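Worksheet for the structure shown next.
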Amino acid sequence: MDENTNLPEQIKAVYRSLFAFLIAFCIIAIGLITYIKNPNLFNNDSKSAETESEYVAIPQDDDFDKIENGIHVRTGFVEAEGLMETVNNCTNCHSSELVLQNRMSKERWIATIRWMQETQNLWDLGGNEAIIVDYLVTNYPVIAKGRRSALTDIQWYELED
Amino acid sequence: MTALLGTEIVLGASMPKGYTPLALQDPDPFKMFGKDPQMVVLNSKPWNMEAQAHLLDDKITPAKFMFIRNNGLIPENIDIDKWNLTIDGESVQEEKTYSLSELKSKFKRYSYQLTLECGGNGRSEFDPPAKGNQWTIGAVSSAVWTGVRLRDVLEDAGIKSDAVYIGYHAADSHLSRDPEKEPISRGAPMAKALQDETLLAFEMNGEDIPLANGYPLRLVAGGWPASVSGKWINRISIRNKVHDGTKMTGTAYRVPCNPVAPGEKVKDEDMCIIESMPVKSLITYPKTGAKIAEGKKLKIRGHAWAGELEVSKMEFSIDFGATWQNCSLEKPANRLAWQHFASSISFPKKGYYEVWARATDAQGRAQPMLLPGWNPKGYLNNACHRIAVKVV
């Protein structure tokens, strides 16, 4: 009798442990799939990633491409259509400062890109070329200076003897 | 490390352990290069930095105020015990290689104060704008350089009678890090290479040359575009033709042989290599923006230089060129050194003034008040320097 009444209890115990095992299996399986998809997720030490692959994944922190007051902080470029295409193609070999200093027409920017492709190992920009050139001529237009500009931004000070 | 840089490190697997990418090294360029914090960074890759007029007040430019002009990446891990200079080329009699200590012990040393100005100094003023670093007025210096005469070294290797030009090669790397490419490889005709003052220098102002200015060995060819004075030199070729290295062709350091209208397209074959730099001057005291009391005299001073020539006259104007008055002008410390001028100015009444300075060279050519002839890359702007002054 005791055995008969105990039998359902034993079955229930087996079911409970089977259920617990199933949950544990699911968690491990999800974990494994996630890891296969993104091996860096559980690994803050990215050195292991460097040794696994020639082209290392790009774990970027949220602030990397931060925009503040309409300026892309890392490069100083203004936020506008074509910003990231310009950042990604025009700041690898030289700094963004070199781009920001210059003011050119569409034709001269294209000539500059050709020169960089011929002599500086710049790659084919494909469809990004028009986007980048538009971004530059729109946001950094040529300003006529004439034969001599007025002195500006003078910081006045009392001259001591 | 990639997380810190926030970008992929191409071929990261082959990066040596313990190597810190430049992007993670000391981000303060003034500390890194021993420059004054008032110097102005134009470009951080490659590094380009210029002075402001008032920083150049010293008669001999100290290292901290000397501009930096790079076309490529500064050499890393320089071992001076292994540094060699090779003399080769079509027109060398016998290819020879010298260690740095051989150069220093075998040949007589000379010291000269030599003015070096970037060919593109003043580029920022051209209209339509010219491509490149937008130098204002501070890519010029006049330090004392010590080294051996290039002539002595070339003659030791032997110069064939058909020699035309020398071309330098150096240890800096191309921006793309392509080892097949040189960032810059310029040179000079034999006549300039053989001048007394053309040095293979290893000291500046009595000390090792600063790294960013060419340590441990550089050419110094005063009065010519500073790009002739190659930095980190390890090979000089004696050529039987005009040197055809990087930045000797196209629009680089070349201007239209005949004058062109602003913005005009110029064919390669119509461009000529820049040689001697034109006459120019800078007011280095006071700094622009000075306010002085009515009735007080204003002392001004500065430097003037004229490429291969001497400056013969120095003037200033406080009425936008309507009248000019002479400044006192010193002789150069030696040929190709800049000259110092000074004057004392009385202003007729209160108000806003500009003090304009104008130098004239030994052949009677003066600085223009307006921009000189436009050229595709914006070289040779020797327009008069001016400062703003208020009499209150």
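The values are calculated or read from the model by the stated rules, or taken from the named source; none is laboratory data. Here the structure is a predicted model, which means the values were calculated and not measured. Glycine also receives a Cβ, built like all others from the backbone with ideal geometry; neighbour counts cover every protein chain displayed.
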message: Quick check on my filter: what residues within the stretch A:122-161 are aromatic (Phe, Trp, Tyr) and either in contact with a His (Cβ under 8 Å, 6 or more places away or on another chain) or more than 7 Å from chain B (Cβ to nearest Cβ) (or both)?
response: A:Trp123, A:Tyr135, A:Tyr140
statement: Checked against (1) surrounded by 17 or more Cβ atoms within 10 Å (Cβ to Cβ); (2) out of contact with any Leu (no Cβ under 9 Å at 6 or more places or on another chain); (3) at pLDDT 95 or above, B:Gln93 satisfies every condition except (1)
- prompt: B:His303 fails exactly one of the following numbered conditions: (1) assigned by TED's automatic domain parsing to the domain that holds B:Tyr168; (2) under 24 Å from B:Lys192 (Cβ atoms). What is the number of that condition?
  reply: (1)
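Any chance the stretch B:51-72 includes a residue that's hydroxyl-bearing (Ser, Thr, Tyr) and farther than 22 Å from B:Asp152 by Cα?
In the first step, residues of the stretch B:51-72 are kept if they are hydroxyl-bearing (Ser, Thr, Tyr); the result is B:61.
Cutting the leftovers down to farther than 22 Å from B:Asp152 by Cα gives us B:61.
Scanning the stretch B:51-72 turns up at least one residue that is hydroxyl-bearing (Ser, Thr, Tyr) and farther than 22 Å from B:Asp152 by Cα.
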- line: Given (1) modelled with pLDDT under 95; (2) assigned to a helix (DSSP H, G or I), B:Ser101 misses just (1)
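Do the conditions hold for B:Ala139, that is, is it touching a Cys at 6+ places or on another chain (Cβ under 8 Å), over 30 Å from B:Lys96 (Cβ atoms) and among the small types (Gly, Ala, Ser)? Can you show your working first?
Values: touching a Cys at 6+ places or on another chain (Cβ under 8 Å): yes; over 30 Å from B:Lys96 (Cβ atoms): yes; among the small types (Gly, Ala, Ser): yes.
So B:Ala139 passes the test.
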- prompt: Here is a list of conditions, (1) within 11 Å of chain A (Cβ to nearest Cβ); (2) under 14 Å from B:Ile68 (Cα atoms), and B:Gly138 meets all of them except one; can you say which number that is?
  reply: (1)
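Here are some residues: B:Lys350, B:Lys331. Which one is over 25 Å from B:Phe126 (Cα atoms) and free of Cβ contacts under 8 Å to residues at least 40 places away in the same chain? Steps first, answer last, please.
Working: B:Lys350 fails: free of Cβ contacts under 8 Å to residues at least 40 places away in the same chain.
After applying the criteria, what remains is B:Lys331.
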field: Subset tally (residues that are part of a loop (DSSP other than H, G, I, E, B) and within 14 Å of another protein chain (Cβ to nearest Cβ)) for the stretch B:114-135
entry: 12
query: Has the stretch B:247-265 got at least one residue that is in contact with a Gly (Cβ under 9 Å, 6 or more places away or on another chain) and at positive phi?
result: yes
